[in-house]
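The values are calculated or read from the model by the stated rules, or taken from the named source; none is laboratory data. Being a predicted model, the structure only gives us computed values, none of them experimental. Reconstructed Cβ throughout: ideal geometry from the backbone, glycine too, with neighbour counts over all protein chains shown. Accessible surface is based on the protein model in full, side chains and every heavy atom, while ligands, DNA and RNA are left aside. Shrake-Rupley method; radii C 1.70, N 1.55, O 1.52, S 1.80 Å.
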Amino acid sequence: MKFFSVILVVAAAASVAAAAAAVAGAEKLPAGVLSLERIGGKVEVEEVRARDKARHARMLQSFGGGIVDFPVVGSSDPYLVGLYFTKVRLGTPPREYNVQIDTGSDILWVTCSSCDDCPRTSGLGVELNFYDATSSSTTSPISCADQVCTSIIQTSSTECSTETNQCGYTFQYGDGSGTTGHYVADLLYFDTVLGTSVIANSSAPIVFGCSTSQSGDLTKTDRAIDGIFGFGQQGLSVISQLSSRGITPKVFSHCLKGEGNGGGILVLGEILDPRIVYSPLVPSQAHYNVFLQSIAVNGQLVPVDPSVFATTGNRGTIVDSGTTLAYIAAEAYDPFVSAIAAAVSQSARPIVSRTKPCFLVSSSIAEIFPPVSLNFDGGASMALRPADYLVHMGFVEGSAMWCIGFEKQEQGVTILGDLVLKDKIVVYDLARQRIGWTDYDCSSSVNVSITSGKGEFINAGQLSVNGASGGALFNLQHTRTSALLLLLVLMIGFPF
């Protein structure tokens, strides 16, 4: 039997004065957050496209928190090698692993120490760590007969070895790369914010993947990292595992900083802002699909049949933080580019660079290029600045060359990646099956709320991250007095 510490929140009537006195200060609820890092180095456009294409193939084929502040390196320019990542602490004693934040997949996996063909160094300037089950006193293997293997994991690529009796997996990616490994259960450690600068150590058992073999691009050292942190809504994602046990709310949020050194905030909870607009998720989808209805350039609708964006077969619109660029269905691409070109015909010179439509400009793109809006079901619109659909590609004849950052997607799937998600609060509300967003300076403080699975408001506070490389500062302030919040830290046995 394994033991772990969890945070239980019990609401009682505000009139229970004695209990209130016994837990003075406990009215400040924990808000689980993880800081993000963005890392990068120069890369060609074709390599970025190829990497996104590979992960899109993976998406189609594959199926509480605390404050951690890390130095941020790299650039927000999507044409530099970049990805947002955080660190997770696994095992006992805990060890840290750098893992990519990915809302387009479900599984958390890290590289196993037994992997022979996995990178040992990284060109990203991060130290690679390997999970060693023999070094953790709290690890438990997932056998073929384990209920987890026979139920939840059957929704992914699962296989069982009769020789080792291990519940294994194989993820094969579209570019020929892939990862093979087995599932294990161990403690995930995280810091729980209790109040102003007060942090409690917490842990919970989770099931994750231990990669024993990697192939293709995953074996390259230039972008090597310890694993992938899937934030999908299927049962085996970490957010689903923790929320199903009441350890975290069934909602998470991120704010990805696009300027300067990048970085940002990932919250196991709900970031609050009165400007956030919400659109419902498309039901019964493996990814975060939304109903994109139309695109407007300078307030004028682009002439595209709405059926182009409908979620049918391989069509639809997906929100994915793991995609660097943005991809638009082929039928909408040309009309969109034509509308942009028409709006700047008097102030920018069109040019083609490596088949990409580009423009030469001599002044700020904010003064020349039109605003774009993506219009979704529920009356929610996502406003795009020129910097959200253009990418600076250098200079030609003394003029800045800006190219359309959207890629034509022949498969018909529109994917909203970091290009459009940066500099926005994005809330993934799994409890209410909706996604919300608003423009935001992601280097500023955010209001954080923890909600229950039923969507009941519990607590709100403020999280402030001090720059890209500074420490995380917290100012959680109680905002509700109608209930007394009792915070209990318990040691609970959890059998596997």
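Looking at (1) aliphatic (A, V, I, L, M); (2) in a strand (DSSP E or B); (3) under 30 Å from Cys255 (Cβ atoms), which is the one condition that is false for Val352?
Val352 satisfies every listed condition except (3).
Pairs, please: C-beta under 8 Å, at least 6 apart or cross-chain, first residue closer than 23 Å to Ala286 by Cβ and in segment 296-313, second part of a helix (DSSP H, G or I)?
Every condition considered, the pairs that remain are Val308/Glu331; Val308/Ala332; Phe309/Ala332.
Among (1) at pLDDT below 85; (2) crowded, with 20+ Cβ neighbours inside 10 Å; (3) not assigned by the TED database to the domain that holds Asp186, which single condition is Asn261 missing?
(2)
Please go through segment 390-406 and pick out each residue that is of a type outside the set (A, V, I, L, M, F, W, C) and crowded, with 22+ Cβ neighbours inside 10 Å.
Result: Gly405, single match.
Here is a yes/no grid of residues against (1) of a type in the set (A, V, I, L, M, F, W, C); (2) open to solvent by less than 50 Å² (accessible area, probe 1.4 Å); (3) not assigned by the TED database to the domain that holds Phe395:
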position	(1), (2), (3)
Leu268	yes, yes, yes
Leu281	yes, yes, no
Leu292	yes, yes, no
Asn298	no, no, no
Ala341	yes, yes, no
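Would you pick out the residues in segment 164-194 that are at pLDDT below 80 and surrounded by fewer than 20 Cβ atoms within 10 Å (Cβ to Cβ)?
Selection gives Gln172, Gly174, Asp175, Gly176, Ser177.
Take the residues in segment 300-320 that are among the hydroxyl-bearing types (Ser, Thr, Tyr) and in contact with a strand residue (DSSP E or B) (Cβ under 6 Å, 6 or more places away or on another chain); name whichever of them is least open to solvent (accessible area, probe 1.4 Å).
Thr317
Restricting to segment 363-412, name every residue that is among the aromatic types (Phe, Trp, Tyr) and farther than 22 Å from Ser294 by Cα.
Applying the first criterion (among the aromatic types (Phe, Trp, Tyr)) to segment 363-412 yields 369, 376, 389, 395, 402, 406.
Hits for segment 363-412 are Phe395, Trp402.
For the structure I just gave you, tell me whether Leu374 is within 22 Å of the chain's Cα centre (by Cα), buried (at least 23 other Cβ atoms within 10 Å of the Cβ) and not in a strand (DSSP E or B). Working first, answer last.
Values: within 22 Å of the chain's Cα centre (by Cα): yes; buried (at least 23 other Cβ atoms within 10 Å of the Cβ): yes; not in a strand (DSSP E or B): no.
Judged against the criteria, Leu374 is not a match.
Ile271: of a type in the set (Val, Ile, Thr), farther than 30 Å from Ala342 by Cα and either modelled with pLDDT under 95 or out of contact with any Asp or Glu (no Cβ under 7 Å at 6 or more places or on another chain) (or both), yes or no?
Spelling it out, Ile271 is indeed of a type in the set (Val, Ile, Thr), farther than 30 Å from Ala342 by Cα and either modelled with pLDDT under 95 or out of contact with any Asp or Glu (no Cβ under 7 Å at 6 or more places or on another chain) (or both).
Hey, can you tell me all the residues within segment 321-331 that are surrounded by fewer than 20 Cβ atoms within 10 Å (Cβ to Cβ) and not acidic (Asp, Glu)?
First, pick out the residues of segment 321-331 that are surrounded by fewer than 20 Cβ atoms within 10 Å (Cβ to Cβ): 330-331.
Residue satisfying the conditions is Ala330 alone.
Would you mind finding the one in Thr111, Thr134 that is open to solvent by 40 Å² or more (accessible area, probe 1.4 Å) and not in a loop (DSSP other than H, G, I, E, B)?
Working: Thr111 fails: open to solvent by 40 Å² or more (accessible area, probe 1.4 Å).
Thr134 is the lone residue from the list that is open to solvent by 40 Å² or more (accessible area, probe 1.4 Å) and not in a loop (DSSP other than H, G, I, E, B).
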